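Have a look at the structure below, then the notes.
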Amino acid sequence: MTADLTLMPAAPVPDDGPRLSPRERQVLAHIAAGFTHLQTSRRLRISPSSVETYLQRIRQKLDAPTTAHLVRAAVELGL
């Protein structure tokens, strides 16, 4: 059996869609730039668990289940 490697399309973020807080935007920008959760936490001076919490909220708001979806959303948001 072969695995289906097709990426699920990320849901577009409409202008009137979910809004990210300034901190959520910062976290998303760092993750999209390739920083690890630990690096992001150190750069933003927050705990690694806070990074996880922000990412969970972002994933829910943007319907972004994978890191690839997060990166795509960051690009679409101009981060």
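The values are calculated or read from the model by the stated rules, or taken from the named source; none is laboratory data. Because the structure is a prediction, the values reported are computed rather than measured. Reconstructed Cβ throughout: ideal geometry from the backbone, glycine too, with neighbour counts over all protein chains shown. Each accessible area value is taken on the protein alone, full model and side chains, heavy atoms only, with ligands, DNA and RNA left out. Shrake-Rupley method; radii C 1.70, N 1.55, O 1.52, S 1.80 Å.
For the pair Arg45 and Val75, label points projected 7 Å from Cα toward Cβ lie 3.3 nm apart. Shown in residue order for the stretch 37-44 are the 3J(HN,Hα) couplings computed by the Karplus curve 6.51 cos²θ - 1.76 cosθ + 1.60 at θ = phi - 60°: 4, 5, 4, 4, 4, 5, 5, 8 Hz (x for Gly and Pro). For Phe35, no residue 5 or more places off, or on another chain, has a built amide H under 5 Å of its own. Counting only heavy atoms of the protein chains and using a 1.4 Å probe, Ser21 has close to 40 Å² of accessible surface.
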